[in-house]
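For reference, the structure is listed below as structure tokens.
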Amino acid sequence: MTIFIALIFSMAFQFAAAVISISLIRQTKYNFSWVILSIAFLLMAFRRMVDLVDVWRSGIWITGSPVSTWTAVAISVFILVGVIYIKRIFNLQKRIDDLKKQSESRVLSAIIKTEENERLKFSKELHDGLGPLLSSIKMSISALEAGTSEPADKKILDNTSKLIDESVATIKEISNKLSPHILNNFGLLKAVRSFIDRIETPGNLKIKVNSNIEDTRFDYNIEVVLYRIICELINNTVKHADASEINVDLYYNDNRLTLDYFDNGKGFDTEKVLSLQPGMGYSNIQSRIKSINGTLDVVSNEDEGVCINVAIKTGKHE
């Protein structure tokens, strides 16, 4: 009976070790050596099961040395305990990785928030400080223009007035680029449409925006990040893609906000652009998406356009 009981224990322990080992394959990212080790554990367990069936059929309940029999059981126990501790190590490593990602996300989010606050501050200083000064100068120029009768002087004052108007318009444009007031006041969708209306594009380029978010507001960081990403993508297409069509899809469903961006331009080698050419702007996009715990998928081939998907788990901003 000794060998039969020992085989039962040994088989049970080895099957348990094999099950745990197989469950860890995904965490090892399908590492070849771990897959082979898991198969070995499983085969050892099946071998014990075959031995158990042979003993059961032969009816020989007591055979061999008890020391060697229970040593096999001890080995199975050690294997099981070892696999359990390995699993604990993997789980601990996963928790460390999760904490690291959360920490990186918080740092990136803080950097972006600080950057946007500085943009907003500078934008207000331009708009509220320099703008009124230029308006006052224009009023003075208008007064001088009304009080002079010399054609040469009037022409100079008229040109100066036009330059001031251009300066005021430029300040408003720079202020809006630094911190888009429409985004702050009316939300993501209207800000995107406003940007598209203002941007200079080739005559054959058509930009379509489809969305169901309308006036829905989201967390400030999410709105700012998505707005900056969309602007970056459109600018990249205009400058580099030679496209005739851009589709921007913004949808919110089941606490999930998604951006699908497509252009039919000349495309690019994704591996090269994402890893070797940070100047293209995609490294910046990756960092911004990471800061709001989003995911980014880029699909593109040369002469086949580009398709980009951004997904963010979020709720509506109350």
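The values are calculated or read from the model by the stated rules, or taken from the named source; none is laboratory data. For clarity, every value in this text was computed on a predicted model and none was experimentally measured. We place every Cβ from the backbone using ideal geometry, glycine too, and count neighbours over all the protein chains shown.
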Does region 21-54 hold any residues that are touching a residue at least 40 places away in the same chain (Cβ under 8 Å) and surrounded by fewer than 17 Cβ atoms within 10 Å (Cβ to Cβ), and which are they? S23, Q27, T28
What pairs can you find where one residue is in region 285-301 and over 15 Å from T270 (Cβ atoms) and surrounded by 18 or more Cβ atoms within 10 Å (Cβ to Cβ), the other is among the hydroxyl-bearing types (S, T, Y) and modelled with pLDDT of 85 or more, and their Cβ atoms are less than 9 Å apart, with a gap of 6+ or different chains? I289/T295
Go through region 135-191 and count every residue that is among the β-branched types (V, I, T) and within 30 Å of E214 (Cβ to Cβ). 2
Exactly one condition in (1) of a type in the set (D, E); (2) crowded, with 19+ Cβ neighbours inside 10 Å; (3) closer than 17 Å to C307 by Cα is false for D269; which is it? (2)
So, first residue closer than 12 Å to V310 by Cα and touching a residue at least 12 places away in the same chain (Cβ under 8 Å) in region 238-253, second residue of a type in the set (S, T, Y) and crowded, with 19+ Cβ neighbours inside 10 Å, Cβ within less than 6 Å, six or more apart or across chains; the pairs are V248/Y261
